[in-house]
1. Rounded, prolate or oblate for region 85-238? Axes are the square roots of the Cα gyration tensor eigenvalues, ordered a ≥ b ≥ c, and the cut-off for rounded is a/c under 1.5.
2. What lysines could a cross-link reach from Lys44, if we take a straight Cα to Cα line under 17 Å and drop same-chain neighbours fewer than 8 places away?
3. Counting only C-alpha contacts under 8 Å and six or more residues apart, can you give the relative contact order of region 281-429 as a whole percent?
4. Quick one: what are the phi-derived ³J(HN,Hα) couplings along region 26-40, Karplus 6.51/-1.76/1.60 with θ = phi - 60°, whole Hz, x for glycine and proline?
5. Could you work out [θ]222 nm for the chain from helices alone, using -39500 (n - 2.57) per DSSP H run of at least four and dividing by all its residues? Round to the nearest 500 deg cm²/dmol.
6. Pairs of lysine in region 195-277 with Cα under 19 Å and at least 8 positions apart or on different chains: total?
7. Among the aspartates and glutamates, select those whose C-alpha is under 20 Å from the C-alpha of Lys310, and discard any that sit fewer than 8 residues away in the same chain.
8. Using a probe radius of 1.4 Å on heavy atoms only, what accessible surface per residue do you get for the chain? Whole Å² is fine.
Amino acid sequence: MHKPFIHCFKTAKEYYVYDVNTDKIIQVSFETYNFLENNIWDEKAEREIEKLINEGYLKRTRVEEVKHFATDFLESYLENRMNQLVLQVTQKCNLRCSYCVYSGDYKNRNHSQKEMSWETAKEAVDYLYGHSMSSEDIYISFYGGEPLLMFRLIKEVVEYVKREYCQRTVHFNLTTNGTLFTPEIVQYFIKNNIQIMFSLDGPKEVHDKNRIFAGSNRGSFEKLRDSMKMIYSMDRKYYKKNVSFNTVLDPQNELRTIYEFLDKDRLISKNLSRISVLNDNYTDKQCEFSGEFVEEQEYEYFKCFLSKLKRINEKFVARAVKEEFDNEMREIKQHEEKMQEEISKVNHHSGPCIPGAKKIFVTAEGNIYPCERVSEISEVSKIGDIKKGIDKNKVLNLLNIERYSQDRCKDCWAYQHCTICIACADDTKNISNKEIEKHCWKVRGGFEEAMKNYCTLKELGYKFEEYEGKC
């Protein structure tokens, strides 16, 4: 017989049980924790456990059949609910960033001279509109390589959409290294309200360490900075509303320098920033974290704690850390408020999106993938092409990806908080149990850490209910 579907953990001060069936965190006595975790009987524990059982906790229910909730409605999702198209307008780039997925160090992509034709772009746009009848807003993203190498094609797509689909609400955006802007391009972007996400890794000495021009060791920071200044000077309102930044943290760099730059620079501090850490998906290279990086990261989290408890002003906390922390706490709080008696016996862990439903990534050749994070050379990740459309059977395979590891997944206490999808489960040839398992400990470790943070704040008097929208 199964044991109760739970996970025991403790903070520096108290003891807790995460009850998987109800998706709730329960504070318990040391005696109850010791019995549930170490099977050491105690009379007090017996009484408390009986009370918890009567309240609906400590059930043994597990998932018995793996089936994603969208499986039976997949056709409707694929036909009507798409709302984002990511166009890989080129695989060419004028930079050679050392950690870029196109750099040659990754198995899933390489730089090439491939460019998207107008015919492929048009077919992709028409496909989006033909499969988005239930979506109010439409998003078209330009991706590379470096998309501004294909500014001519970007203009063709924008003008075609404005002409043929003027009745729909469309938002355009692109991710760029920022080195190719001219006044003409900026003016066109302003006129058409195109959102820009700049790839910016920090101050000059950090950014230029990895983001260099092809054929030289010359850094790209100054050219990017010039583009930022040009856009700001041409239309400050547009800049504030439509410019954002994507920062990749190299764990060999000094973290504090990067955070201070992002928070204090006049052209960056008021704009949205998205931060991620280098990962080792699709590469044999190990991502090594320096001791200084880890210490600085932990110190920023410590300051975040102090700010929540009003011990220091939150202006002393890195904005990126605060946003990440708030998102973690918000997710825990939402699950705490959810009314759930037990986990459904027919279920699927929470990792995958519905491939091809909300979003598709179309490569320069016209192949369709669920998103830009997956491997472009993997047949298992490819869900169709722009000529034939999406293969429903391939989508079903990715949608129900848990079937490849179901024996392990069904007993995983982080089942309802899993983030594993095809982007971290594919070895470029097949869906790999080895790749899945490599990410499992990260998921469980991250969720447990978030629960400990949440519980510690409550122990110290933080009132989540009083800070709705701030936590």
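1. On the way: a/c = 2.27, a/b = 1.42, b/c = 1.60.
In terms of gyration-tensor shape, oblate.
2. none
3. Worked out over region 281-429, it gives 22 percent.
4. Karplus-based 3J(HN,Hα) across region 26-40 equals 10, 7, 10, 6, 4, 4, 5, 4, 5, 6, 6, 8, 10, 6, 9 Hz.
5. About -12000 deg cm²/dmol.
6. Taking region 195-277 as the scope, the lysine pair count is 14.
7. Counting by Cα, and skipping residues close in sequence, Lys310 has these aspartates and glutamates nearby: Glu298, Glu300, Glu323, Glu324, Asp326, Glu328, Glu459, Glu465, Glu466, Glu468.
8. Numbers: 23220 Å² over 471 residues.
Accessible area per residue: 49 Å².
The values are calculated or read from the model by the stated rules, or taken from the named source; none is laboratory data. Quick caveat: nothing in here was measured; it's all calculated off a predicted structure. Note: areas computed on protein heavy atoms with side chains; ligands, DNA, RNA excluded. Shrake-Rupley method; radii C 1.70, N 1.55, O 1.52, S 1.80 Å.
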